[in-house]
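Heads up, the thing below is written out as structure tokens.
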Amino acid sequence: MAPQQTGSRKRKAPAESSSSQGSAADAEGPLLPKKQKRPATRRSLVHYLKDREVGALGGAWLSGSKGELPGYAVQKLPELLRERELALGTLNKVFASQWLNARQVVCGTKCNTLFVVDVHSGQITRIPLMRDRGPWLARAQPSCGIHAIELSPSKTLLATGGENPNSLAVYQLPTLDPVCLGDRHGHKDWIFTIAWMSDTVVVSGSRDGTVALWQMDPDMFNGSISWQNDAGLPVYTHIRPRDMETIPRSSTSPTNHKVRALAFSGKNQELGAVSLDGYFHLWKARSTLSRLLSIRLPYCRDNVCLTYCEELSLYAVGSQSHVSFLDPRQGHQNIRPLCSRDGGMGVRSLSFYQYIITVGTGHGSLLFYDIRAQKFLEERASGSPDSCPGPSGRKLKLTCGRGWLNHDDLWVNYFGRIDDFPNALYTHCYNWPEMKLFVAGGPLPSGLHGNYAGLWS
């Protein structure tokens, strides 16, 4: 059966936006000028940052063809980060985010809004969501929202949820034109997590306890298909999954096998998943999924995030108060779990870069853990910019701002008018070439309405 195509609303900036959004392509380009020789006497990270501000940055701080920062810079960056809050209006809880280019971040919220924020100007532009073939199929609970946004390896496609959060929506980059919608014989509940295996294969995990593998036809986005209908509106294809697997049900919690997070190992061609019943699952991932194992996690409450370190072939799982490390090829774990020690509010977001893992907590703080030293990064004792002061013994902890909180009846009646409510950091993403960190979230209690977003640089 030939795939059907559906018209979509024409995208334009919302009425409340202060200015129109520039094309994503306009902000692209080299992030670093041509390599220059640096004076031998200026080698501190502080000097590097000062040089970058005045355009005197050399290429010595970037190594390798991928432009990766050296380990020293990665370890020293967190203590130099400073926050600038971004106003998001009345949007409710940012669950997902990804950098599109040097100045634009795409985000998804609990109120089912997909938008792009310009971190320089603060301008917000909403992106129309793709609709299922039948409008009656798009009726979902309004509180579920967009939980995942992921870019393909080549950064040419973006996968997220549709207007119906059970459906997988794929957009082309940098234009954000709709490509296809996975609404045929797919998930029957909200999509919580997404992972790309290649530029044409993406996997989604759902609250219905299933993992779906979707394959994109290159003709969808290489220009061989006309992407406008007679009215000049963008159109998109409706697709079905190539393969679907159901998470095994545990005997202790057979109804709570929701798939909460996915992470893909390109080196091993394996897909890891965590489910809310406290298990880690591993599949061999090629054109189909073949389950290899299921492991009971040491900490079983609120396992909601997962990330993978290619250098160490190591998965990290965030739970209510710990981060656990898993190497499926070893029968025992030689890396002890780390405790977030943040009021039991839980680990809400995780990311690896080289050997540093960034932890976003449910209490509005960012922590940084060195996996090789098996300890948190520490604050530095005061000293001059040119000196190398030793650690102070205090764990480095960045506390995020207050954000915005809706003072509605629920807040008045059930939360005692507490105005200084910490924000759960549901998402964070780095722009390493520019040494910037985008962090977002909102109040942890499900009934509270609010948001937080900040640029740390």
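Things worth noting here:
- Qualifying residue in region 163-181 (condition: over 23 Å from the mean Cα position of the chain (by Cα) and at pLDDT below 95): no
- Selection of region 407-431 for residues being outside any loop (DSSP other than H, G, I, E, B) and within 21 Å of Q320 (Cβ to Cβ) yields N423, A424, L425, Y426, T427, H428.
- Scanning region 287-299 for residues that are open to solvent by less than 20 Å² (accessible area, probe 1.4 Å), touching a residue at least 24 places away in the same chain (Cβ under 8 Å) and part of a strand (DSSP E or B) turns up at least one hit.
- Of all the listed residues (Q330, Q354), the sole one being free of Cβ contacts under 8 Å to residues at least 12 places away in the same chain and open to solvent by 10 Å² or more (accessible area, probe 1.4 Å) is Q330.
- Which listed residue, of A453, A424, is within 15 Å of E83 (Cα to Cα) and buried (at least 16 other Cβ atoms within 10 Å of the Cβ): A453
- Checking each residue in region 76-115 for being open to solvent by 20 Å² or more (accessible area, probe 1.4 Å) and among the small types (G, A, S) picks out A87, G89.
- Of all residues in region 400-419, those that are modelled with pLDDT under 85 and either open to solvent by 50 Å² or more (accessible area, probe 1.4 Å) or among the aromatic types (F, W, Y) (or both) total 11.
- Test for T125: is it hydroxyl-bearing (S, T, Y), buried (at least 20 other Cβ atoms within 10 Å of the Cβ), at pLDDT 95 or above and closer than 19 Å to D189 by Cβ: no
The values are calculated or read from the model by the stated rules, or taken from the named source; none is laboratory data. It should be emphasised that the depicted structure is a prediction, and the values quoted were computed from it without experimental measurement. With ideal geometry, Cβ positions are generated from the backbone for all residues, glycine too; neighbour counts draw on all protein chains shown. With ligands, DNA and RNA removed, areas are computed over all heavy atoms of the protein, side chains included. Shrake-Rupley method; radii C 1.70, N 1.55, O 1.52, S 1.80 Å.
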